[in-house]
Amino acid sequence: MYQYNEYDHQMLTERVAQFRDQTSRYLDGKLTETEFLPLRLQNGLYVQRLAPMLRVAIPYGLLSSQQLRKLAFIARHYDKGYGHITTRQNIQFNWPQLEDAPDILAHLAEVEMHAIQTSGNCIRNTTTDQFAGVAVDELEDSRPYCEIIRQWSTFHPEFAYLPRKFKIAVCGTAVDQAATQVHDIGVYLVSGPEQQVGFRILAGGGLGRTPVIGQEIFPFVEKKHLLTALEAILRIYNRQGRRDNKYKARIKILVKEMGIEAFKTKVIEEWQRIKDGPQTLTEKEIERCKSFFIELPYTATQDNPDTLTEALQKEPLFLNWYRRNVKQHKRPGYAIATIALKETGTAPGDVTDVQLEHIADLSDEYSFGEARVSHRQNVVLADVAQEELYALWQQLRNQSLASENLELLTDMICCPGGDFCALANAKSIPIAESIQREFSNHDQLLDIGEITINISGCMNACGHHHVGNIGILGVDKKGEEFYQISLGGSSKNEASLAKVLGPAFAEEEIPFVIRKIIAVYKDNRIDGEKFLGTYQRIGLEPFKDKIYAKAD
Amino acid sequence: MPKLIRNRAVENDLWTVLKEATGPEVLKVVLNKNFIVPIRFWETYKSEIEEYSGQIAIWLDSDEMASDIEAELHNFPLIALNFPVFSDGRSYTNARELRGHLNYQGEIRAIGDVLRDQLFYMSRCGFNTFAIRHDQDPNACIQALSDFSTGYQACTVEAEPLFRRF
């Protein structure tokens, strides 16, 4: 993974000192609330319902075991012993004290981590596929380009006070696992006219109040033009994005109001001015960034070793986990193992200090000391030798980390919701738990098959409810919490926005409503068809009819 | 007299910023002054300005574009860019454009809600003088210009991005 050089270290140290000074001025009353607000946000600090929340960046989701141990230390010493993996591949702590934030940032800096630009109206953490570099369907590893974007977007002097937050995702795989099309900018690695790899760049996607799928701005740009292309889009947005209304300030609204063609023309005009300028990437810089993500020292070579086959035969629970949570690795002899943080009774994405340390140990023992987090709030050990999968699973079981529900109904995305978040209209964690309890039988889950349920506690959509096969949105109706259900969303290649089913439901009705939705699917599915396929074929009506049917 | 920061030192500000509503009579009453006038003032009262005894510069608000007055930019010894509120980031882009393809070599001054915690970014975007808000400590502001020793991006202060420099 990327290793900081002296410049990275220096700037990070300077940032910690700067924020320490800003915090002490605020606590001394020399900085007003309003003046401190964007400063603390750009250092990841929200003021939440119960305490400040600190969101720590995990650039493109990649972590070393050393970093995992540091996160465990922070969870233990500054929080109540756990952290929460977010849908943007970050981790957030719900209970730190504001006064401690500079010390926490200093601890993070020791392991090349920070909370820079994890919030606020600036360019946020760049995200990507959690299988980058090991996926079988990859054109090229996206991580070097994520790192290039990370450096360019960090402390960008022109784009620190944008109209609104700005999120970039990069995807290098055939199957899009990074929800690329619902980002402010989505970057795809693609083959160009002469088979050279470059980028296709979309802009104007996003979730929140007005969900929009991004539209193409650059069908193909050469690698060297990546940063100037991004800069051109950001410049037009910074200048012309709306600032009169927070809810209309995202780039998606600008693109909509200007029209895609007019927006594109502006961007291209700007790009022509800066293209080939100093921000043009050099071959040397691309190679330097690639050099941090070279092939690991793999030793195993044989697929399906005897040890694995035998363990799968004798241990049905291991077989369940293997079938769901283990994916094919590009190298023979290796596998990608996902630790689903979706144990019933634990908030989706939550991970304790002890679990973080165990994951650190397991990554050292089985996966070259690295782990990744996914936007679906799970943890990935991406380079496990197949002959060691059984040993890994045994250890995961001892730590309540062997949930075998990856991509099944109970592998939900869920925001922290009204239990923690000051923005939320409704709780979301108890909704997730009530659904998990309703669907507790593994065979039943297998029968239902792959499906995504995404839950947000408010229309800001941190839980990506618009792109869940089933989306659940918490709404407030005269002080009471209700839940609106939508169907048919997807954040993958065939990205689509879910359609609202009908009037909202009370909290206690949700498990039964989901049960009915699943029943309609099962009654209508044609062999092997996933939920989304059936929905797309039969549409919303049969679901509506069943769920809102009057009792006879 | 209001304080101005230039070249990491405090000096007295010899320019007066005229607000939007001011009429041309001011030029008849106050003589031999240096005024920074709104762009519309400058467009409307060109003959009065020509006859004026002192120096005239212009300021752009955050929703006005430097490129709109491209042809005449080089007549001004200084161009001030306003921050109606410190969190309005449009003037950063205006400064970048002035220093970039518009090739403006004169003074670019930050006016309005100019606070120490934004000065470093302003300086990297091409601002070289800072009319800091009255309650700001000038020495702390000078220090803030050195909050970071470098940055990743190409900018006015460092013409090449970090990856081309090492």
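For the residue pairs A:Lys80/A:Lys165; A:Lys342/A:Lys550; A:Lys167/A:Lys478; B:Lys19/B:Lys46; A:Lys165/A:Lys330, the alpha carbons lie more than 24 Å apart in A:Lys80/A:Lys165; A:Lys342/A:Lys550; A:Lys167/A:Lys478; A:Lys165/A:Lys330. Between amide H atoms placed 1.01 Å from N, distances below 5 Å from B:Phe83 occur with B:Ile111, B:Gly112, B:Asp113, all of them 5 or more places distant or on a separate chain.
Could you state the number of Å between the C-alpha centres of segment A:225-291 and segment B:83-132? Each part's Cα centre sits 20 Å from the other's.
Here segment A:440-552 carries DSSP beta bridges of which approximately 75% are antiparallel, counting only pairs with both residues inside.
Ranked by the mean number of other Cβ atoms within 10 Å per residue, highest first, peptides A:132-143, B:17-28, A:441-452 order as A:132-143, A:441-452, B:17-28.
In this rough spin-label picture, where each label sits 7 Å from Cα along the Cβ direction, the A:Glu283-B:Ala21 distance is 6.4 nm.
Extents of chain A, largest first, come to 63, 59, 57 Å (Cα atoms, principal axes, whole angstrom).
Averaged over the residues of peptide A:158-168, the number of Cβ atoms from other protein chains lying within 10 Å of each residue's Cβ is 4.
Relative contact order for segment A:47-117: what is it in percent, counting Cα pairs under 8 Å that are at least 6 residues apart? Rounded, it is 43 percent for segment A:47-117.
Per residue of chain A, the DSSP helices (runs of n ≥ 4 H) give a summed -39500 (n - 2.57) that works out to -11000 deg cm²/dmol at 222 nm. Taking a straight Cα-Cα cut-off under 21 Å and skipping sequence neighbours fewer than 8 places away in the same chain, the lysines within cross-link reach of A:Lys275 are A:Lys223, A:Lys224, A:Lys264, A:Lys266, A:Lys284. DSSP beta bridges confined to the protein assembly as shown are antiparallel in about 65 percent of cases. Estimated from the Cβ-Cβ distance and a Förster radius of 60 angstrom, the FRET efficiency linking B:Glu43 and B:Asp137 is about 0.95. By the Cβ-Cβ criterion of under 4.7 Å, the unpaired cysteines of chain A are A:Cys122, A:Cys146, A:Cys171, A:Cys289, A:Cys414, A:Cys421, A:Cys458. Candidate cross-link partners of A:Lys290 among the aspartates and glutamates, defined by an alpha-carbon separation under 19 Å and a same-chain spacing of 8 or more, comprise A:Glu6, A:Asp8, A:Glu112, A:Asp129, A:Asp137, A:Glu138, A:Glu140, A:Asp141, A:Glu147, A:Glu222, A:Glu370, A:Asp383.
Distant-in-sequence amide contacts of B:Ala57, defined by a placed amide H-H separation under 5 Å and a gap of 5 or more residues or a different chain, comprise B:Phe35, B:Ile36, B:Val37. Here each label is just a point 7 Å from Cα along the line to Cβ, and for A:Gln10 and A:Glu216 those points are 4.3 nm apart. Shielding by partners for peptide A:7-17, expressed as the average number of C-beta atoms from other protein chains within 10 Å of each residue's C-beta, is 3.
Where does the charge balance sit around A:Val221 when Lys and Arg score +1, Asp and Glu -1, over other residues with C-beta under 11 Å from its C-beta?
Numbers: positive: A:Arg200, A:Lys223, A:Lys224, A:Lys275; negative: A:Glu222.
My count for the surroundings of A:Val221 gives +3.
Within straight-line reach of A:Lys499, meaning a Cα separation under 12 Å, sit the following aspartates and glutamates at least 8 residues removed in sequence or on another chain: A:Glu541. Partner shielding of A:281-294 amounts to 1, given as the average count of beta-carbon atoms from other chains within 10 Å of each residue beta-carbon. With both labels modelled 7 Å from their Cα along Cα-to-Cβ, the A:Tyr298 to B:Leu14 distance reads 7.0 nm. The distance separating the Cα centre of segment A:121-163 from that of segment A:517-552 comes to 38 Å. Using the average count of surrounding beta-carbon atoms within 10 Å as a protection proxy, the listed peptides A:200-208, A:357-365 rank, highest first, as A:200-208, A:357-365. Against chain B, whose longest principal axis is taken from its Cα atoms, helix B:90-99 shows a tilt of about 90°.
Packing, as the average of other Cβ atoms within 10 Å across residues, places the peptides B:106-117, A:104-115 in the order B:106-117, A:104-115, highest first. Between A:Cys171 and A:Val187, A:Tyr188, A:Leu189, the built amide H atoms are under 5 Å apart, and every one of these is 5 or more places off in sequence or on another chain. Simple point charges give the picture: +1 on the Cβ of Lys and Arg, -1 on the Cβ of Asp and Glu, and for the protein assembly as shown a dipole about the Cα centre of about 1240 debye.
Every number here is computed from the coordinates shown, using simple stated rules; none is lab data. The structure presented is a predicted model; accordingly, all values stated were derived computationally and were not measured. Don't worry about glycine lacking a Cβ; one is built from the backbone with ideal geometry, like all the others, and counts go over all protein chains shown.
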